[in-house]
Every structure is written in C-alpha cells, then in structure tokens.
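My structure is below; once you've seen it, I'll send some questions.
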Amino acid sequence: MTRVTLDTVRALDAADPLAGFRDRFVLPEGLIYLDGNSLGALPKAVPERVSAMLHEEWGQHLIGGWLKDGWMEKPLVLGDRLAKLVGAAPGEVAVVDTTSINVFKLLSAARAMRPDRKVILSNTENFPTDLYMAQGLIRQLGTDHELRLVPETAIEDAIDETVAVVMLTETNFKTGAVFDMGAITRAAHAAGALTLWDLAHSAGAFPVDLNGAAADFAVGCSYKYLNAGPGGPAWMFVATRHQEAAHQPLTGWLGHDRPFDFDLEYRPADGIRRHVCSSPGVLGLVAFEAALDVMLEADMTALRAKSVALCDLFIDLVEQECGDAGFRLISPREAGLAAPWIRGSQVSFAHPDGYGIVQALIARGVVGDFRDPDVMRFGFAPLYQRYADVWHAVAHLRAVLDGGEHLAEVYRERASVT
C-alpha cells in the first residue's frame, strides 16, 4: 500500500466537488464529527425553516395552517420528494410515524397478504428494534407463527415456501455490510414471499433503487444520513402493485378514505395515504423538509464516490498509523462503486478496549460511537466531512493509544448511551 501523506489528503480536499456543501451545516469549531450514521449534523437552513413555521404559520395562521400551509399533505408531499432518493415512484412513499411503528404496520400488512404462511424470516445481525416489533406482532398472531432467525450469510438458502415475509436491514448497523437487495428480493419472490427492507443506514448514504430491485415494502428514518434531527420523522414505501391489497393494522383517522366525515366505520383511503395513521408532527416534518432540500441538490453518484474514498482513506490510515494496536476491521474492505453495493458509509473496527477508545476520542473532539461487544463505529457523511478530518481523527487515535488515555478509570463504566 502506498503511504498516505498529509499532502495526499490536502489534494483530495482541493479536488472535492462536494466541498461547498460543508458550509451549509452547523459544525462546532474544532470538532471532528464521525457519527452521521447515528445522527446527522444540523443543516443551517433548518432553524430558519422551523422558526418560520412557528412564527409565520402556527403563530399567524393558527388552525388555518392545516390548509393554508399544507400541513395535512406534508407526509405525502415530502414522501414524493424523498422517493427521488430511494428509487420510488410518486405516490409510493409517505413520511410518517417512527421506524419501529412503520415496521409493525408493514410487517403486519405483508404477513396478511400471505395468510397461509406463518414465518417471518430475518437475520441474527438485524437491528434489534425490527426483531422486537416482529416478536410483538407474533405474540398477537399466536403460537403457530414464527420469527425465524438465521445468519445473514444464510438468508437466501433459508427462503422457502413457509416464509411469508423476508425482513432485513439493508445495511448492517454494526459492520456497514450491505445486502444485495435485488438478489434477495428475487429469491423471495421465486419462493412466493414478500420483502420488507429497513433502509435506516442506507437512504442518503448511497443511491437506493427500490423499484429497480422490485422491493415490496421498505421503511427508514430521517435523522441519520438525511439530517432531519433527533427523532426526526420516519418514512415508509409500499410498491404501487401492493397498495390495494396491503392493509395496515393501525387504522387511525388520517388513513380513512374521508377523515372529516367522522364515520364510525373505518374505510381505508386509496394508495399510500391509508398507511398514514394520525395527525402529522409538523415541526419534525418542516425540519426534514429543509434538510431534504440540501440532500436533493447533491449528486448521489458523487456522494457515493466520496463516501467510498473517505472510508477507504480511514481504513488505510488506521492500518498505517495504528497497525500495531490490535484493531480488527469488521467492515467489508471493498465498498463497490457500482450496485450492488458491498459496504455502506461507515467503517467499524473491533478492539477489546473499544469503548474506552471511543470515549477518549470524544474527549479529544473526535466523535464516533460504540456498539457491544467491542465495535467502534465511524460514520462518514460526505456532504460535510473533509478528507483532512480523517487524517486528524487518526492522529488523535494514535495519541490516545500512545498516552493510554482509553484506560482511564472514568471509562470503565459504560454510559446509558454508547
């Protein structure tokens, strides 16, 4: 491997076609933020947009804002805009609820579309909330239903005629490894099963093509690579071909065909609207609206290329500068510049002292995060990160190790949020 120098890094920054986007985010002076895979940075346009909603819309229009300012339609309007980033068509995406709630809704709908099949298939490495929601659904369905878990490498072989739904998170939250959505969806369809994809660590991190993969259902959040803020609204995708047959279980009033008729009997609306449950949280939606404006301006091909380059640089520098420290790369070394992607936009190393190392880095102003049992995660958001950030982050990592800072007593007990 050719040795990486500071001049190499500076040249990459000088040639970066996305460099101008950094000025559109709030980034504390001196902080190196490598945790966009957990919470994206604040776009500078968000506070102004939220303030306008508070003072001009809510403050002046009061209840009139539902019509005058389009609050009632925002879940669908934003869904159509987000569809451009995830390879969906207009009318296939709604921005509603939380990821967990959307998993429950779509898992229930998909399972009901295959009434003679009793198995929800997923992987042991899946994000736990998805598995918890499946477990909750199964407790309601009865003991003849099963959540079947297999290693992620065994998913395709495990799809058989008993499986109703294959539920997977496209990008592994610990390792950043990416499933081949198209291949697995084809295998599911060949066996008569449906697919539900969680794109929480995919949307905004690299180009997604739901319809190109013939996906059936998908969910995702907005607060990671889409930068909508903590607890920002989630979203859901229902392929047009399933919208008539897919009936979600949380039949709230805004999923009704005519909600302001106040009928006593529920009649589902047509299309994606039936998957809206209750009144939208407008503050979160307008924050997402402003964040989405920024994302939609970026060229996703250039974003993916920079993501791969940032991650590759980080891997090379950690191995070059800290190769004697016992780090084990658990992310795929290769990323892929053409679909199907292999690695998302994060790099994870395992180390026995991983928690202390991450906390010592945070104390130095280099923010990553930790996942049990020993995983250090570093997320790369190309719109606001520089190649120089990677260089300086690894320099701090070397200093932490040299000074034994990660062994401090204060890091022996883990915080409630890691």
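The values are calculated or read from the model by the stated rules, or taken from the named source; none is laboratory data. Predicted model, so just to flag it, every value in this text is computed and none were measured. Reconstructed Cβ throughout: ideal geometry from the backbone, glycine too, with neighbour counts over all protein chains shown. Please note that ligands, DNA and RNA were not included when accessible areas were found on the heavy atoms of the full protein model with its side chains. Shrake-Rupley method; radii C 1.70, N 1.55, O 1.52, S 1.80 Å.
Quick one: would you say Pro340 is modelled with pLDDT under 95, in a loop (DSSP other than H, G, I, E, B) and open to solvent by 20 Å² or more (accessible area, probe 1.4 Å)?
Yes; evaluated as a whole, the condition is true for this residue.
Kindly indicate the residue of the stretch 139-166 that is more than 25 Å from the chain's Cα centre (by Cα) and closer than 11 Å to Arg111 by Cα and also most open to solvent (accessible area, probe 1.4 Å) among those meeting that condition.
Ranking the qualifying residues of the stretch 139-166, first place goes to Leu141.
Can you pull out every residue in the stretch 224-255 that is surrounded by fewer than 23 Cβ atoms within 10 Å (Cβ to Cβ) and part of a loop (DSSP other than H, G, I, E, B)?
Gly229, Pro230, Gly231, Ala239, Gln243, Glu244, Ala245, His247, Pro249, Leu250, Thr251, Gly252
Give the number of residues within the stretch 14-51 that are open to solvent by 40 Å² or more (accessible area, probe 1.4 Å), among the charged types (D, E, K, R) and not in a loop (DSSP other than H, G, I, E, B).
Residues flagged as open to solvent by 40 Å² or more (accessible area, probe 1.4 Å), among the charged types (D, E, K, R) and not in a loop (DSSP other than H, G, I, E, B) within the stretch 14-51 amount to 5.
Which pairs do you get when a residue that is within 13 Å of Thr8 (Cβ to Cβ) and in contact (Cβ under 8 Å) with a residue 60 or more places away in the chain, found in the stretch 308-319, comes within reach of a residue that is open to solvent by 10 Å² or more (accessible area, probe 1.4 Å) and of a type in the set (Val, Ile, Thr), reach meaning Cβ atoms under 6 angstrom, with the pair 6+ apart or on two chains?
Taking only residues 6 or more apart or on different chains, the pairs are Asp316/Val4; Leu317/Val4.
What number goes with the only condition from (1) open to solvent by less than 10 Å² (accessible area, probe 1.4 Å); (2) outside any strand (DSSP E or B); (3) of a type in the set (Val, Ile, Thr) that Thr418 does not pass?
The single condition Thr418 does not satisfy is (1).
Condition first: open to solvent by 10 Å² or more (accessible area, probe 1.4 Å) and basic (Lys, Arg). Now tell me which residues in the stretch 343-369 satisfy that.
If the condition is that a residue be open to solvent by 10 Å² or more (accessible area, probe 1.4 Å) and basic (Lys, Arg), then Arg364 is the only one that fits.
Filter the stretch 52-71 down to residues that are open to solvent by less than 70 Å² (accessible area, probe 1.4 Å) and either at pLDDT below 95 or aromatic (Phe, Trp, Tyr) (or both), then give me how many there are.
So the first thing to find is which residues in the stretch 52-71 are open to solvent by less than 70 Å² (accessible area, probe 1.4 Å), and the list is 52-54, 57, 59, 61, 64-65, 69-71.
Next cut, either at pLDDT below 95 or aromatic (Phe, Trp, Tyr) (or both) only: 71.
Qualifying residue count for the region: 1.
For Glu334, all conditions in the list (1) more than 20 Å from Leu12 (Cβ to Cβ); (2) at pLDDT below 95 hold save one; what is the number of the exception?
The single condition Glu334 does not satisfy is (1).
Could you grab the pairs with beta carbons closer than 8 Å, sequence gap of 6+ or different chains, first residue in the stretch 234-248 and under 17 Å from Val96 (Cβ atoms), second one aromatic (Phe, Trp, Tyr) and part of a loop (DSSP other than H, G, I, E, B)?
That search, which allows pairs on different chains as well, returns nothing.
Somewhere in the stretch 45-67, is a residue under 18 Å from Tyr225 (Cα atoms) and among the hydroxyl-bearing types (Ser, Thr, Tyr)?
no
What are the pairs with Cβ atoms under 8 angstrom where one residue, in the stretch 33-55, is within 30 Å of Val358 (Cβ to Cβ) and the other, located anywhere, is exposed (fewer than 15 other Cβ atoms within 10 Å of the Cβ) and not charged (D, E, K, R)? Sequence gap at least six, or different chains.
Pairs that qualify, where the first residue is within 30 Å of Val358 (Cβ to Cβ) and the partner is exposed (fewer than 15 other Cβ atoms within 10 Å of the Cβ) and not charged (D, E, K, R), are Leu39/Pro230; Ala41/Val26; Leu42/Val26; Pro43/Val26; Lys44/Val26.
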